[in-house]
1. List, in order, the whole-Hz ³J(HN,Hα) value for each residue of region 78-88 obtained from phi through the Karplus relation with A = 6.51, B = -1.76, C = 1.60 and θ = phi - 60°; use x for Gly and Pro.
2. Along each of the three principal axes of the Cα atoms of region 82-134, give the extent in whole Å, ordering the values from largest to smallest.
3. For the chain, what is the charge dipole size about the Cα centre, in debye to the nearest 20, if Lys and Arg each add +1 at the Cβ and Asp and Glu each add -1 at the Cβ?
4. Once the dipole of the chain is set up with Lys and Arg at +1 and Asp and Glu at -1 on Cβ about the Cα centre, which of A362, A272, L194 lies farthest towards its positive end?
5. Arranged by the count of other C-beta atoms within 10 angstrom, fewest first, what order do S235, S113, S331 take?
6. Give the percent of DSSP beta bridges with both residues in region 137-236 that are antiparallel, rounded to the nearest 5.
7. Starting at the first residue of region 248-256, write each ³J(HN,Hα) from the Karplus equation 6.51 cos²θ - 1.76 cosθ + 1.60 with θ = phi - 60°, in whole Hz, x for Gly and Pro.
8. Could you list log10 I(q)/I(0) for the chain at q = 0.09, 0.14 Å⁻¹, which the Debye formula gives when each Cα is one point scatterer?
Amino acid sequence: MRPLTATAAAVTAVVAAGMASVAAGRLASDVALKANGGRPLPTEPRLTVHGTAAGQIALTRDLASLRPGTYGLAGDGTHAVVGPVLETARHTADTVVRRLDRVTHGTLAPGDSVWLTPNLHVGDPRAALGLDHADVDVPGELGPLPAWFVPGDRDTWVIAVHGLGTTREHAMNVMGFLHGRRLPVLALAYRGDLGAPRPADGLNHLGECEWRDVDAAIRYAVRHGARRVVLLGWSTGATMALRAAERSPVRDRVAGLVLDSPVLSWEATLRALARARHTPAPLLPLAVRAAQGRAGLHAERVAEITDPERLAAPALIIHGPGDRVAPWEFSRLLAARRPDRVALHTVQNAPHAAMWNPDPTAYEERLRRFLTPLM
């Protein structure tokens with residue numbers, strides 16, 4: 001009986017280890033498939049507030065807190081806007097002092113846990129920017145999709161689509177610029193967002209299903225007077241824009257694509273997010289496979305999205321090597337393979353989906369040059 005008992009014990013141990021690995025892989029995959037809008041991605045470190053003074057805030061010294069540019073600073077119930085590092089301000093060896101432009105809501109006190117976010121604005125376009133807008137419902141596959149419509153007198157509309165870890169508030173970073181060019185803007189909330197229909201499985205499919213909501217937005221724009229549309233997407237919103245430009249029955253209305261930090265390899269992004277959650281290296285393949293099975297992601301579709309022959313509309317990719325979520329190399333390769341269709345604007349020292357923040361003026365000038373022939 002002893003050999004049988006030993007064998008049974010060994011089999012039980014193997015099965016238990018396998019089940020534990022699958023469970024760990026599933027948990028690791030949650031970081032991308034259940035990313036909540038308005039909460040930081042695991043690649044964004046938590047910082048501590050060490051003190052505030054008139055127009056200044058001291059934060060934990062970190063590569064994140066040393067980034068150039070202007071960012072939102074979010075915490076539980078708090079949002080502020082911080083500007084560049086103040087090199088001459090007094091600080092300790094483990095802190096960084098940045099310009100504190102404003103506290104939008106809440107308070108900042110020593111000891112508070114905060115994180116940097118690309119979103120400078122909260123609320124809606126009227127409250128945050130003073131722009132008149134309409135709250136509209138776009139008829140989507142799963143039900144009405146809330147959207148902000150900021151009118152303009154051109155017949156080329158910009159449809160703005162946020163990505164992982166953000167909400168449609170992200171579009172307000174460039175909304176004032178677009179409004180100044182008299183371009184109508186439709187900023188979309190899609191399936192899974194607050195106020196939008198929830199997918200049956202409750203998962204984010206990294207654009208593989210969500211692109212249909214962008215298709216619905218294009219149809220809405222055309223029905224309401226748009227002759228052409230430009231799809232402006234961040235992160236997985238850029239992935240959705242690419243899919244819609246390829247698959248939508250009204251894709252002939254897509255005049256151009258602006259892709260900020262596009263997710264061009266779901267496998268690389270899943271690995272990066274799982275790694276940032278301190279998933280052990282041996283479990284990273286399990287996390288990818290778990291996500292693939294749960295979200296219906298298929299390896300052949302990775303090649304599709306970076307196939308230059310599928311790209312019909314001109315595209316501007318804005319991306320940089322500092323992106324730890326969506327590797328810049330895929331953007332660089334796509335631009336190199338289709339130089340007649342794709343322009344690449346490289347931004348240094350910027351995290352995922354925050355290419356505007358280090359230098360808004362340079363970003364908007366590049367955007368202006370791309371959009372002008374499409375207006």
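Nothing in this text is a laboratory measurement; each read-out follows from the coordinates by a stated rule. Owing to the predicted nature of the structure, the values given are computational and were not obtained by experimental measurement. Because the Cβ atoms are built from the backbone with ideal geometry, glycine has one as well, and the counts that use them run over all protein chains shown.
1. Each residue's phi maps through the Karplus curve to give 10, 8, 9, 10, 10, x, x, 5, 9, 4, 8 Hz.
2. Projected onto the principal axes, the Cα atoms of region 82-134 cover 49, 22, 15 Å.
3. With Lys and Arg at +1 and Asp and Glu at -1, about 400 debye.
4. The listed residue farthest towards the positive side: A272.
5. In increasing order of surrounding Cβ atoms, one gets S113, S331, S235.
6. 40
7. 4, x, 10, 5, 5, 7, 7, 8, x
8. One equal scatterer on each Cα of the chain leads to -0.53, -1.20.
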